[in-house]
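Structure first, then comments.
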Amino acid sequence: MALADIVGFDNSVTISTVSIGDAGNAADSTGYGAVGYEYNIGKFEVTNAQYAAFLNAVAKTDPHGLYNPDMSNEAEWSRGGIVRSGSDGNYTYSVTPGRENLPVNLVSLYDAARFYNWLTTGDTEKGVYNNLNAQSTSGDMVRFARDSEWMSKGGVYIPNENEWYKAAYYNASDSSYYQYATSSNNAPSATLDFAADNAANYAYCSQDFTIVGSYINSASAHGTYDQNGNVCEWVDSSAGSFATLRGGSLVDGDSYLSSDGSDYNAPENEADNFGFRVANLTVVPEPGSCAVLAGACALALAAVVRGRKNRIF
């Protein structure tokens, strides 16, 4: 299991990822999980602290509604963790003490896409997703078409259903799939015993989210945490005009956590149990490109040598 970091455009956010290899693996019996390339996916769900850094960078005014006012309320019906202060044009954002490392929630797929663009270019409207304001019907998933140029540069994006599924359920050691994202074919225990084997925050075992990565003995075979429970996660897959959510949340039963379970919602919707994690391609510059982009290639090659940073440029 290789580890890398995605470092945001302005250095204010660093997100740990794991590398998913065994390119060209076969799909599971569900039809999902086959991926023909290596990629990185977030080790943890995106947190309140990371999302607040994003808001402070881009939402002094908030024309895209990146902040949901319910985020200021940590009560059971919202479970928020970010407070906005000031007036339009001078908004600032802070994390409710003690909620820094809980997963961000109350985010739409549009909010997530703009977060990915910001990590990639520093601009919410430029990056892997360049059609977010295109004219189309409400909830039209064509707005989330990926830009191949930014993808090839290692741009940050919404994992598609196969990428998310492989990271959650695939076991490369014997090319098999687990039923649950806790390296098990048995449903996890719904418990707050963080040291328990095969456990997750779901089925109302808690009235609140848990710190990402709390279930130290319940990672996927690739080393990702909370792909079952906590918040359900947006993925880049559609059912008509609806987008897919995977993994189940703290309020869901085990059928939503299972490899054959998923949910759907309009991509503009923000709910108290909706969250996300990042992904990007494993990018190694081609030798010929270094003559043209010598400075950029030097940075990228240094990142490969260190094995720790994956910087977007």
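If you rank ILE216, ILE82, ILE211 by fewest surrounding Cβ atoms within 10 Å, what's the result?
ILE216, ILE211, ILE82
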### Task
Identify which of ALA168, ALA34, ALA181 has the largest mean-square fluctuation in a Gaussian network model of the chain, with springs joining Cα atoms closer than 10 Å.
ALA34
## Note on the structure
The residues LEU192, LEU245, LEU132, LEU55, sorted from fewest to most surrounding Cβ atoms within 10 Å, come out as LEU192, LEU132, LEU55, LEU245
### Message
Assuming a strict under-24 Å limit between Cα atoms, what lysine pair count do you get for the chain once near-sequence pairs (fewer than 8 apart, same chain) are dropped?
### Response
9
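Scan the chain and note any complete DSSP helix (H) whose C-alpha atoms cover at least 20 Å along its axis and whose Kyte-Doolittle average is 0.5 or more. Show your work: numbers first, answer last.
Numbers: long enough: none.
TM-like helix candidates: nothing returned.
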### Query
Which of the following values of percent of Cα pairs over 25 Å apart was calculated from the structure shown: (1) 58; (2) 47; (3) 68?
(2)
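Quick note: the coordinates plus some simple rules give every number you see, no bench work behind them. Quick caveat: nothing in here was measured; it's all calculated off a predicted structure. All Cβ positions, glycine included, derive from the backbone under ideal geometry; neighbour counts span all protein chains shown.
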